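Below is one structure; the comments refer to it alone.
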Amino acid sequence: MSVVREKTAVRQVLFAKPMIGAEEQAAVAEVLRGDTLVHGPKAEEFEQAFAAFTGAPLAVSVSSCTAAMHLVYMYLGLGPRDEVIVPAQTHVATAHAVEITGAKPVFADADPFTGNMDLRSLPGLVTDRTRAIAVVHFLGLPVDMKAIVSFARQHNLFVVEDCALALGSYVRGVHAGLLGDAGCFSFYPAKHITSAEGGMLITRHRGLAEKVRRLRAFGVDRTPGERSLPGEYDVPALGINYRLNEVQAAIGVEQMKKLPLFLAARNRNASLLREGLAGTAAITLLPPGDDIFVTSNYSVGVLLGERLAARKTEIVEYLSARGVGTSVYYPRAVPHLTYYREKYGFSDADFAAAAAISRRGIALPVGPHLDEEDMRYIVSVVTNAVAEG
Ligand SMILES: *Cc1c(COP(=O)(O)O)cnc(C)c1O
């Protein structure tokens with residue numbers, strides 16, 4: 001007779017989970033029952049809802065955040081002689097969007113306390129080839145954009161905000177993405193809202209928005225709706241196909257209606273985690289923001305103390321075995337990824353603060369799929385994980 005080992009049900013606290021409900025399903029079905037799959041009213045409705053929520057004068061839907069950033073650089077006409085300052089501690093997309101134009105990303109190390117770009121490094125990185133600065137609001141904590149923008153204006157640089165984690169982030173009441181020149185958002189499933197894949201550009205610059213509308217559709221000068229006869233168009237510019245389709249946009253429209261509730265849940269969850277973990281001396285939490293620098297609460301970032309950092313894999317496995325999903329933002333500083341290391345010759349000694357955040361960091365879940373009970377559970381499991389040994 002075989003012994004059946006009873007597996008006790010472990011609570012599953014996923015790091016992220018797309019919040020797709022009956023509303024999204026119905027909206028997608030509705031699009032599929034119709035004849036318009038691209039260039040339709042849903043993409044426009046999504047743009048309008050996004051503009052209304054963020055306060056953006058202009059919003060342009062695109063196929064991803066990476067696409068939005070690439071289109072901004074195409075608008076700027078970046079090429080091999082140009083440079084863009086980008087954070088070392090970010091998603092590789094922030095750097096790739098520059099690299100793909102032939103321009104050179106020049107990496108800025110992180111502020112060790114926030115994970116955001118270290119503003120003190122900027123003067124040493126700017127050259128006569130620098131055209132733009134890209135900033136990332138790390139885990140949703142907004143960068144001090146006043147300082148960035150005043151630096152950028154002195155040097156005649158365009159300011160691109162990678163807002164992939166910053167839907168619901170504000171500085172002095174202004175939504176992220178409107179603090180610089182161009183804000184680029186992601187609707188990848190793990191982000192604040194999803195359209196499966198998707199992105200949005202927001203801006204105050206009419207010229208940028210109009211150009212990006214053309215560039216995202218091959219550089220064609222008029223959309224099908226703007227033509228009086230089929231085929232009546234010209235192509236005055238080199239463009240690409242980075243459109244958001246109607247199925248994606250229909251999901252996005254429904255997600256926008258739920259966004260205030262999603263953000264409230266994230267805010268509650270993050271506060272509970274922060275309260276619960278405040279007394280744990282072996283770890284430091286990345287800062288929560290305040291009334292001026294309002295965070296979107298993408299995650300609560302934990303930095304392990306130096307001794308614990310050596311056991312990080314073990315700690316992540318301990319959490320995982322107890323059903324607590326974690327993530328790492330970001331697993332390696334971008335200049336330490338093979339492509340950038342080999343192309344530009346970076347070594348481990350470069351970008352020490354960004355590397356320390358990768359090495360010591362664990363991102364804890366606070367998404368709207370989780371409730372107060374889940375937060376208490378995470379607190380107790382994390383407390384045990386860092387106490388052992
Ligand atoms: C997720 C992420 C991206 C990529 O977004 P896509 O929509 O998948 O292109 C870019 N930047 C940051 C900071 C991200 O976290």
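Just so it is clear, none of the values below were taken in a lab; they were calculated from the coordinates. This structure is a prediction, so every number in the text was calculated from the model and none was measured. Glycine also receives a Cβ, built like all others from the backbone with ideal geometry; neighbour counts cover every protein chain displayed.
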So, in region 346-379, of the ones that are assigned to a loop (DSSP other than H, G, I, E, B) and over 19 Å from the mean Cα position of the chain (by Cα), which residue ends up surrounded by the most Cβ atoms within 10 Å (Cβ to Cβ)? Phe351
Those residues of region 176-188 which are surrounded by fewer than 24 Cβ atoms within 10 Å (Cβ to Cβ) and away from the ligand (no atom under 14 Å from the Cβ) amount to Leu178, Asp181
Ile100 is checked against (1) within 19 Å of Arg243 (Cα to Cα); (2) in contact with a strand residue (DSSP E or B) (Cβ under 7 Å, 6 or more places away or on another chain); (3) of a type in the set (Val, Ile, Thr) and fails just one. What number does that condition carry? (2)
Mind counting the residues in region 206-232 that are surrounded by fewer than 16 Cβ atoms within 10 Å (Cβ to Cβ) and within 22 Å of the chain's Cα centre (by Cα)? 0
How about region 100-136: which of its residues are closer than 26 Å to Ala16 by Cβ and among the aliphatic types (A, V, I, L, M)? Ala110, Met117, Ala134, Val135, Val136
Would you confirm whether any residue within region 190-202 is closer than 30 Å to Gly115 by Cα, buried (at least 22 other Cβ atoms within 10 Å of the Cβ), within 16 Å of the chain's Cα centre (by Cα) and more than 16 Å from the ligand (Cβ to nearest atom)? no
Within region 146-167, track down each residue that is within 16 Å of the ligand (Cβ to nearest atom) and surrounded by fewer than 22 Cβ atoms within 10 Å (Cβ to Cβ). Val159
Quick test for you: out of Leu139, Leu178, Leu165, pick the one residue that is touching a Phe, Trp or Tyr at 6+ places or on another chain (Cβ under 6 Å), within 30 Å of Ala16 (Cα to Cα) and not in a helix (DSSP H, G or I). Leu165
Restrict the check to region 168-175 and report whether at least one residue is buried (at least 19 other Cβ atoms within 10 Å of the Cβ), free of Cβ contacts under 8 Å to residues at least 60 places away in the same chain and in contact with a strand residue (DSSP E or B) (Cβ under 8 Å, 6 or more places away or on another chain). no
